[in-house]
Structures are given as structure tokens and as C-alpha cells.
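I have placed the structure first, in the form of C-alpha cells, so that the comments after it can refer back to it.
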Amino acid sequence: MTESLVVIVRGRGVRSRGGEIAPAVLARIYERGLGLLTGQTGAEEALRTLFAPSDKVGIKINAIAGRELTSPPAVTLPFAGLFSRIGIADRNVVIWDRTNRELRAAGYALNADGPGPRILGTDTAGVGYDAEPFVHRNIASRISAVLTDRVTASVSFAILKDHGLAGVTAGMKNYFGAIHNPNKYHDDHCDPFVAELFDAPPVRTRHRLTVLDALVVQCHRGPAFHAAWAAPAESLIFGTDPVAVDAAGWRLVERLRKEKGLPTLAEEGRPPLYLQTAERLGLGRAAEADIRLLEDEV
Amino acid sequence: MDRRDFIRTAAGTGAVLAARPGAFVRDLYAFQETANLSHVEARYYIKLPDREIECQLCPRKCRLGDKERGYCGVRENDGGTYYTLVYGKACARNIDPVEKKPFFHVLPGTAALSIASAGCNVNCKFCQNWEISQVRAEQVTAYDFPPRDVAAAAEANRCPSIAYTYSEPTVFYEYMFDTAVEARRRNIRSLVVTGGLINPEPLEALTKVVDAIKIDLKAFTQAFYKDYVRGDLAPVLEAIKLVARQKIWLEIVYLVIPTLNDEPEEVRKMARWILKEVGPGVPLHFTRFTPMYLIKNLPPTPLSTLRSLRKIALDEGLQYVYTGNIPGDEGENTWCPTCRTLLIRRNGFAVEENAIKGGACPSCRNPVPGIWA
């Protein structure tokens, strides 16, 4: 079996200490990262291999931690803009999370029906959650109608963080924000729930790409922002194997923790067990030996 | 709020609860944008370093980082302080017969002003009110209904009691507690309908301000609690014992689900345990299951099962054992355990005849335990 490819691209200076994004550096990260991931020359060609012009693309972000620790519009809007280059109209691209309140708090201007990519929470009037719980293994949840009604292809654009319960929160756990009852899945380090939710057909069949925002990584005491343990990694991580890209993210978190003199997540009793569960479910590959990690810098 | 206004809004709430999910969810979620959440500091939690907290309210003891919410979905860590999001925020308010709770030995034939917030600390696969219990606080329409107004509304509507019910009142503990205090000032009783997963300290404090607690004993095996409740049996048994030691009224309900918790020997063990730990006078209700939520593949409980389980509990020595959700069944009635006089004849939630005089059987004068006036 071939290895799963994960690409980490670092852009020095992509984010200032004050949080300002350098657009030109960011654009180069997208071009390089998506190109390396797909073996294409750049982002446009890369996206053509992953999406069709007829797709409606959902970009699921994680805005729980406010402006200090959410992928900002300056990062996600340029990514959303790439889809117009492959024939997907802006109105068919939606940046979303669970609530408008959290999106606004993270600096997003909501856009339910205006020009440009849509930006909305599941709580937008007329959206909501599916009426009946979707039952799959240990999961029984209403799923956001953004995902089930408005999207044919999903990108998990997740901020990479330490997580007090799951160990890390990355691309797979980002879909906890796509259901109405994530609080019901915190037992046992969120395992097997993270993997089983991802395995649920409404998620699994739509997911195409993970982009982990590792510009600043909260490597301890996540998911909220704690300045002492927020490490500027200046990187984005790309992968189509959802397990491999999360595993790579986890290893980056461990590396940053080590640099700060922190114990490993396993030593703290909270390794991301969901990765092994996800591998057992056939969702991807978690072992370091099974992942080909390409690291580059722009 | 006057009586007319209350009945109008209560009727509206009833309509929401009764609506088909398809219409219900989308409509309700349109309200999220203006979510009506409280920001009142919770009781029973401890602060930990780095803005973490540990909730001490229920046996789950959720340990949460900043911005995280408890299993209940209605209590949130914000900056290292734990808040209840549902204080004074009722998502359901109705006037119900007290028999609906069910309380059969508390003020029979009277109405209970019944309130709930969103949220629950378990996730029963057979939940009858999952559309409010298994959601987060902002996912239902919540009405401002602070404790003082609840007590006033009960008085205005001639309800001698307030019931904390429908979802799990443990998760809106502060709201329930303060409402009970307000109610007592007006001589209105407080009735708690709970699954019993609450820690001893808050439970004991609660028993000082409420008058009766009904505990759902959902099975008598840990395996059932693990697989179908996502909770533990032992704390529920401890809660029953604790309430039984207090000077308040206790009733126990056992929802009988075909093939899952209807083993006669299991029920016999439970009856013996109740007899030993609580005594023969506690009412025990065997209620009928209706397919719902995540268990739709099982039939409603056969009447014969309910009747045979009731007989087992009676044979074991419990004196007030009832069937529920079978309108007109003989098992709904209260009989004097000494002389077999019919004391209360019920039909569904209606009390058709109540012969109890001064809390005793009119024939043999044997006292009947309960709250009768």
C-alpha cells in the first residue's frame, strides 16, 4: 500500500506578531502546498483534481476560540477565492461554522446571500440542523444543513490545537462543529466519537481535503487561547487522507510542546486515541511509517 | 403574567413540543441568532489552574477547559468561571395534572405548573423529550421566566405545585433551587422529576427546599445504564437512598422497555432492594414504553408485561405499585394495603374518585403515606 501524503508548508513572515497576514506569502503557501499534495504545478491545477465545477464547496472552520485563535478571514477568504479559478462560482462556496455569533466574534462579516463566498453559521434563519438524528455506530446527531443541503464537497479548514479532552483538535474533530450535540461526545477522550462521526456518510462522502491552520498552534491548554503556549509555526498543513493529516498535526503539536518543555500528550494521559480508531475504520493512516511527509518553505 | 397570558404562552409551548420534528427544528433554529442565554455563575464546581474547571454537580464531574461546555450542553466555562446558560430560561412551561409526572401520592387531582430548560446529563436512547433534552441551550426557544415569576404564575393559575420536569432538572439546578425557594414563600410545593444522577451535596441541599422527588430508575443493571443511558446505576441508587432519608416525598418510576429491562428476576431484585433500602411505602410505577428517539424498532410494552411486573413487586412486599401509560388499567388505582379498600380511582391523568380522608384509609384508618393537602 502506498504511503499517505501530507504536506507542510511554512511561510516565514506570513503572520505578524500582531496577527496581520501577509497576503503574498499566504498565496505562495497555497500554491506550493496544494501543488505538492496533488503533484500539480499550482493551486488551480491541484483543485481541479479534487473538485468539479459543479461542486458546491463548504469550508468548515473552527471559530470557538474567538479572534485570537480562529483562522481569520484574511486566511480563509483567499482560499475560498481559489475556487472561482476552477469554475466554481462564489455563491457556491461557503465558509461556515456552527453559530453566527462565533463567526462574528472571530472577525467574519456574515454573508448569507450577498456577493462573494457565503459566510454563515448553522443558526442562520432557514438553515439549521437536519430534523432527525443521523445514527451511525455510537453517533446519533442532527447534522448541519449547511453540510447536508448546501454542500457537495467539504474542506475541513481546521485550526490545529491541543485539546484537553481529545488530545488534539484538527481536521476530523472540526466536524464536531457540524452537529448539534458535540458535548455528548467528550467521554473517553472523544474516542471513538471523532472517528465515528467522520465515518458517518454525510461527512465522509463529502470530505475532500483537510487544511490545518498551524500559523499559530495552541500546543497546551487548548482549545482556548493561552498566550504562553501559543507557538507561531507559520505553517499550513495539507492532506487528502484525513487521518494522516491529523496525525501529522499531532506530531507538530508534540514537537512544539517539547520545545516548550511540556510533557507529551501520552504522558499527560490524553494521546489522540481517535487516530487509531479512525485507522481501524479504514478512514486513513495514522502510523508515522505510513505517512510521507513533505515539508517545504516559501 | 396574568392567567390568560400564561395559558396563551403555555399553549404555544405545548404546540412547539408537539410539533413534528421536521417543522420544529428548522423553525426553532431560526431563533438561535437571538439565543436567549443566561450568564449566571453556576454552583457546585471548582476552579482549576489555567482557566479550567471541574463541575461537581453530577457524577460526570466534567473537567473543562476555557470555552468548553459540559456534557449537559447548558453549562459553560467562560474564562475559568462556570456559568449556567439557562437560569430563568424556560423552554417549556405548561400546566399539567400532577399525575402526569407521575406523582400519585402528591395532591392528587391538582395541577402542577411544569417547567424545563434545555439539556440533560445523560443521553437515553429512549428519551421521550429528546428534542429539548438532547440539545444545547441555544437550540431551543427559551422564554424569560425568572424564579419569582414562576412562583407568581403558579399562584395566579391556582397550581399548588411547581414541577421541574421534561428534561433533566439537575442541569438547571440553580434555576430550580431558587424557584423552589420563591415557591415556598407562597406555600407552593416543588416537585422534582429527575433521573437521579446528581451528587450527594447538591441533592441534599435541594431536599431542603423541595417537597417531593420522583426518580427514574431506568433499569437495575449497570449494563443497561452504560448502553442505553450513558450513565451509571450506582449514583442513582445512592440518590434514592439519600432522598429516602430526608423529610420529603419520594416516588420511583421504572419505564419498562421490551427485551431491554423487562426481565422478571431483574425486577424482583430491584423490588427487594427498594423494600430494604427505602421501605414498603414508596410508590413504584411501571410505565409503558412507546417507541421514540433512537429506539423505534421495539414495540410498545405489552400490557401483560406491566401487570406481571407489578405483581412481582407487590408480591415482594411493596405496597403501592402502579402501572402507567395504560389509561383505565386497574394498576392505576390506589388501594389500601391493609383492608383493600379502593382509595383513589384514576383514569389516565384524571382522578375520578379520592376517598382518602386526613391522609388515611376511610375504612381502616390506616395512614397512607404521601402529601395529601
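The values are calculated or read from the model by the stated rules, or taken from the named source; none is laboratory data. All of these numbers come straight from a predicted model, not from anything done at the bench. With ideal geometry, Cβ positions are generated from the backbone for all residues, glycine too; neighbour counts draw on all protein chains shown.
Note on segment B:69-125: residues that are under 23 Å from B:Pro49 (Cα atoms), charged (D, E, K, R) and out of contact with any Ser or Thr (no Cβ under 9 Å at 6 or more places or on another chain) amount to 2. Taken over segment B:230-255, the residue count meeting the criterion of being in a strand (DSSP E or B) and at pLDDT below 95 is 0. Look through segment B:57-67, keep the residues that are facing another protein chain (nearest Cβ under 8 Å) and surrounded by fewer than 24 Cβ atoms within 10 Å (Cβ to Cβ), and return whichever of them is nearest to the chain's Cα centre (by Cα). Going through the qualifying residues, I end up with B:Arg63. Of the strands (runs of 3 or more DSSP E) lying entirely inside segment B:294-356, those containing at least 1 residues that are buried (at least 20 other Cβ atoms within 10 Å of the Cβ), in contact (Cβ under 8 Å) with a residue 12 or more places away in the chain and not aliphatic (A, V, I, L, M) are B:321-324, B:342-347. With respect to the conditions (1) over 21 Å from B:Glu251 (Cα atoms); (2) away from chain A (no Cβ under 13 Å); (3) within 14 Å of the chain's Cα centre (by Cα), B:Gly196 lacks only one, and its number is (1).
Filtering segment B:230-255 to residues that are over 20 Å from B:Gln56 (Cα atoms) and either surrounded by fewer than 19 Cβ atoms within 10 Å (Cβ to Cβ) or in contact with a helix residue (DSSP H, G or I) (Cβ under 8 Å, 6 or more places away or on another chain) (or both) leaves B:Ala244, B:Arg245, B:Gln246, B:Lys247, B:Ile248, B:Leu250, B:Ile252, B:Tyr254. Here B:Asp227 meets the list (1) at pLDDT 95 or above; (2) assigned to a helix (DSSP H, G or I); (3) buried (at least 18 other Cβ atoms within 10 Å of the Cβ); (4) within 14 Å of chain A (Cβ to nearest Cβ) almost entirely, failing just condition (3).
Against the definition (in contact (Cβ under 8 Å) with a residue 12 or more places away in the chain, loosely packed, with under 15 Cβ neighbours inside 10 Å and in the same structural domain as B:Glu316 (by TED's automatic domain parsing)), how does B:Gly359 come out, yes or no? No, not satisfied.
Is it the case that segment B:126-142 has a residue that's more than 16 Å from A:Pro133 (Cβ to Cβ) and without any contact (Cβ under 8 Å) to a residue 60 or more places away in the chain? So far as segment B:126-142 goes, no, none of its residues is more than 16 Å from A:Pro133 (Cβ to Cβ) and without any contact (Cβ under 8 Å) to a residue 60 or more places away in the chain.
Is it the case, given these coordinates, that B:Val140 is within 14 Å of chain A (Cβ to nearest Cβ), buried (at least 19 other Cβ atoms within 10 Å of the Cβ) and out of contact with any strand residue (DSSP E or B) (no Cβ under 7 Å at 6 or more places or on another chain)? Walk me through it before giving the result.
Values: within 14 Å of chain A (Cβ to nearest Cβ): yes; buried (at least 19 other Cβ atoms within 10 Å of the Cβ): yes; out of contact with any strand residue (DSSP E or B) (no Cβ under 7 Å at 6 or more places or on another chain): yes.
Criteria met by B:Val140.
The sole residue among A:Thr205, A:Thr264, A:Thr210, A:Thr240 that is more than 30 Å from B:Gly80 (Cα to Cα) and touching an Asp or Glu at 6+ places or on another chain (Cβ under 8 Å) is A:Thr210.
Taking the conditions (1) more than 21 Å from the chain's Cα centre (by Cα); (2) aliphatic (A, V, I, L, M); (3) not assigned by TED's automatic domain parsing to the domain that holds B:Ala111 in turn, B:Ile312 satisfies each one other than (3). Among the candidates A:Thr210, A:Thr205, the residue that is free of Cβ contacts under 8 Å to residues at least 24 places away in the same chain and of a type in the set (Val, Ile, Thr) is uniquely A:Thr205. Looking at segment B:33-54, is at least one residue at pLDDT 95 or above, within 13 Å of chain A (Cβ to nearest Cβ) and buried (at least 22 other Cβ atoms within 10 Å of the Cβ)? Yes, segment B:33-54 contains a residue that is at pLDDT 95 or above, within 13 Å of chain A (Cβ to nearest Cβ) and buried (at least 22 other Cβ atoms within 10 Å of the Cβ). If you take the residues in segment A:177-234 that are polar (S, T, N, Q) and under 30 Å from A:Arg150 (Cα atoms), which one is surrounded by the fewest Cβ atoms within 10 Å (Cβ to Cβ)? Step by step, filter segment A:177-234, then rank; the result is A:Thr205.
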